[in-house]
Amino acid sequence: MSGAVWWKSGTIYQIYPRSFQDSNGDGIGDLQGIRRRLPYLDWLGVDAIWLSPIFPSPMADFGYDVADYCGVDPIFGSMADFDALIGDARASGLKLILDFVPNHTSDQHAWFRESRSSRENAKRDWYIWRDPAPDGGPPNNWISNFGGPAWTFDEATGQYYHHAFLKDQPDLNWRNPEVRAAMYDTLRFWLDKGVDGFRVDVIWHLIKDANFRDNPPNPAYEEGQPDIARLLQVHSCDQPEVHDVVAEMRSVLEEYEDRVLIGEIYLPIERLMAYYGEDLRGAHLPFNFQLLQAAWDARHIDGLVREYEAALPDGGWPNWVLGNHDRQRIAGRVGPDQARVAAMLLLTLRGTPTLYYGDEIGLPDVPIAEHEVQDPWEKNEPGLGFGRDPMRTPMQWEPGETFGFTTGKPWLPVDRREPSRTVETMREDPHSILSLYRRLIDMRRSHEALSQGDYEAVEAEGGLIAYRRVLGGERFLVVLNLEAEPHIFDPAPADRGGRILLSCRAERQGEEVGKTLELEGHEGLIVALPAHRHIRP
């Protein structure tokens, strides 16, 4: 890309290390396994890989409970393995992004062990400790994101500590400048090793209300929703002071060249935009999860794309996400046919796309038997469907008992319903969803209008979404059918005379667009338009 910043022009690929590739037969993916699959990622065409946590951890929440921010858990390998991975990635032209988990540590972290040892310990204020309420109960009504109170009583010191997630994950006190300094040093540790950026876990949680006020009831709460939904998280997260922290993190990254700061933020659009920061001094990419949570309806999605584009601050760069390790897979949510349309949407909208491993082969959510459940959220609130195991199952590389993921027993079951849903099989099929993803990624690299161009909304009706991508004299029209029934699209006069560049269902390359454009059910089209010209009325 001519002069484009890599995190704007490129495609990011999220790897859940436990499930990508096992190299030693223990059934758990590791760093050597990721190294082994770098040629595949190079073939696919992605530009950066983001690794979910690899730090030493008791694995109460599978790495999101960090016991040492400057190490590698033996499950995944050694620091030498990490150094080899980043070296190989760099040789392949791939950037490497690490997951940074600053809101909380493991209760086995040396910092917390010191903190809970006595009220007088120097690290006592590194975590959030409060006296009991007058009745001896928790200090306030805050709820853990995994269900139950967000406070655990420590018998030895007679106070409660706060944990937004599991009791094994005590929250750090980010109002303490010593905590901030220590955490910024951990960022520098990895930046010195050549890491290209960080995805910051639950970044909007870092600062809590200084007065620890109760959260108000959620009037929209209904039975069957997670326990956390009973209250509005007004005081336990998204506090105004958090933006100072994000700006400080950004300044640490700017001590190095060409790095990216990505924030995990589940907030409405108007509050999400604040995380770009004053004068764009916040996160480069506050993760946009609108497509993760949207009803798969053309008018709804068209509206949210327009709303998001309109809300962006001047100079703020957009981004889009279809799936991740916490949410239902896109193929499970919209079905295999619409998963192809979704791929076209993700990779043609303006902004940086993030692709979740396995989505490129249409991997669905995998049913997990009760005795195979690993996820602590599912164990805390069983039977309600909140478990995240179904979207974390092993990557399926080749036909066989364990699909080439491991020579041992996979830590989560593989999906045996479709034996041909593998990289090896789909790689040879030019009509597979994998081949579609590869073509779309290649088109983004080949046509700057698709990676850097403007987004222009186009009016469409019923089950259709339409928009243009424009840069200089290069113009593309994207039309997507989000329904099973065929639809006819009426192009504007300036959009006629173009030729179809790609269909996600059929071979229609080169077909000319006239006064109408017919789309099959579940079809998406990319049309190369003629250079802009004046059309007489």
Problem set entry | 3J(HN,Hα) from dihedral phi, region 380-388, Karplus parametrisation 6.51/-1.76/1.60, rounded to Hz, x for glycine, proline | 6, 10, x, x, 9, x, 8, x, 9
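So for region 379-485, considering every pair of alpha-carbon atoms, how many percent are separated by more than 24 Å? Intermediate results must be reported in sequence, preceding the final value.
On the way: 3075 of 5671 pairs.
That tail contains 54 percent of the Cα-Cα pairs.
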For this session: Report, by chain and number, residues whose modeled amide H sits under 5 Å from the one on residue 14, excluding near sequence neighbours (fewer than 5 apart, same chain).
Result: 50, 355, 356, 357
For this session: Pull up the cross-link candidates among the aspartates and glutamates for residue 515, meaning alpha carbon to alpha carbon under 17 Å and not fewer than 8 places away within one chain.
Result: 459, 461, 490, 495
Problem set entry | Gyration tensor (Cα) of region 311-356, equivalent ellipsoid semi-axes in angstrom | 23, 12, 8
Exercise. Ordered by residue, what ³J(HN,Hα) values in Hz, to whole numbers, does region 354-365 give under the Karplus form 6.51 cos²θ - 1.76 cosθ + 1.60, where θ = phi - 60° and Gly and Pro are x?
Worked result: 10, 9, 8, 3, x, 5, 6, 10, x, 4, x, 5
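Note the full-extension length gain between residue 459 and residue 485 as 0.36 nm times their separation in residues minus their Cα-Cα distance, in nm to one decimal.
Here the segment from residue 459 to residue 485 would lengthen by 7.5 nm.
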For this session: Write down the Å³ per residue value for the convex hull defined by the alpha carbon atoms of region 110-162.
Result: 82
Problem set entry | Along each principal axis, Cα extent of region 9-70, largest first, Å | 35, 30, 18
Exercise. Just going by the charge dipole of the chain, with Lys and Arg at +1 and Asp and Glu at -1 on Cβ, which of 480, 221, 122 is farthest out on the positive end?
Worked result: 480
Problem set entry | residue 175-residue 269 FRET efficiency (beta carbon distance; Förster radius 30 Å; 0.05 resolution) | 0.60
Exercise. Contour minus end-to-end for residue 446 and residue 296, with contour as 0.36 nm per residue of separation and end-to-end as the Cα-Cα distance?
Worked result: 51.1 nm
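Given 25 °C and 0.890 mPa s, how large is the Stokes-Einstein diffusion coefficient of region 304-409 in µm²/s, with Rh as the Kirkwood radius over Cα pairs?
In µm²/s, the coefficient is 155.
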Exercise. When only Cα pairs under 8 Å and 6 or more residues apart are kept, what is the percent relative contact order across the chain?
Worked result: 13
For this session: Would you grab the residues whose amide H sits under 5 Å from the one on residue 162? Only those 5+ places off in sequence or on another chain, please, with H modelled 1.01 Å from N.
Result: 128, 171
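What does the highest-first list of 183-195, 326-338 look like by mean Cβ count within 10 Å?
Working: 183-195: 16.4, 326-338: 19.4.
Order by mean packing, descending: 326-338, 183-195.
Based on the Cα atoms of region 454-529, what semi-axes does the equivalent ellipsoid have, where each is the square root of 5 times one gyration tensor eigenvalue, given in whole Å with the largest first?
Numbers: eigenvalues 66, 37, 25 Å².
Each semi-axis is √(5λ); the values are 18, 14, 11 Å.
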For this session: Report the dimensions of region 1-141 along its three principal axes from the alpha-carbon atoms, largest first, rounded to Å.
Result: 62, 40, 27
Exercise. So which of 95/409; 123/379; 167/208; 167/379; 167/409; 123/208 end up more than 25 Å apart, counting from Cα to Cα?
Worked result: 95/409; 123/379; 167/409
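Using Cβ counts within 10 Å as a stand-in for footprinting exposure, how do 143, 54 rank, fewest first?
Arranged by neighbour count, lowest to highest, 143, 54 become 143, 54.
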Exercise. Rounded if a/c is under 1.5, else prolate if a/b beats b/c, else oblate: with a ≥ b ≥ c from the C-alpha gyration tensor eigenvalues square-rooted, which is region 219-283?
Worked result: prolate
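List 470, 305 from most exposed to least, where exposure is judged by having the fewest other Cβ atoms within 10 Å. Display every interim value, and only then the final one.
Working: 470 18, 305 23.
Placing the least packed residue first, the sequence is 470, 305.
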Exercise. Given N residues in region 35-88, what is Rg(Cα) / (2.2 N^0.38 Å)?
Worked result: 1.26
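Compute the length gained on full extension between residue 279 and residue 210: take 0.36 nm times their separation in residues and subtract their Cα-Cα distance, giving the result in nm to one decimal. Working shown, then result.
On the way: separation 69, 0.36 × 69 = 24.84 nm, distance 2.60 nm.
Length gained between residue 279 and residue 210: 22.2 nm.
The chain: Rg/Rh from Cα coordinates, Kirkwood Rh? Numbers along the way, then the final one.
On the way: Rg = 23.9 Å, Rh = 24.5 Å.
Rounded to two decimals, Rg/Rh equals 0.97.
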Seminar exercise, completed: Expressed in nanometres to one decimal, the distance between label points 7 Å along Cα→Cβ at residue 80 and residue 182 is 3.0
Exercise. How many nm separate the modelled label positions at residue 369 and residue 494, each set 7 Å beyond the Cα in the direction of the Cβ?
Worked result: 6.1
Exercise. If you plug each phi of region 78-86 into the Karplus form 6.51 cos²θ - 1.76 cosθ + 1.60 with θ = phi - 60°, what whole-Hz ³J(HN,Hα) values come out, in order, with x for Gly and Pro?
Worked result: 10, 5, 5, 5, 5, 4, 5, 5, 5
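Bear in mind these aren't lab numbers, they're just calculated from the coordinates by the rules spelled out. Quick caveat: nothing in here was measured; it's all calculated off a predicted structure. Here the Cβ is made from the backbone with ideal geometry for all residues, glycine too, and neighbour counts use every protein chain on show.
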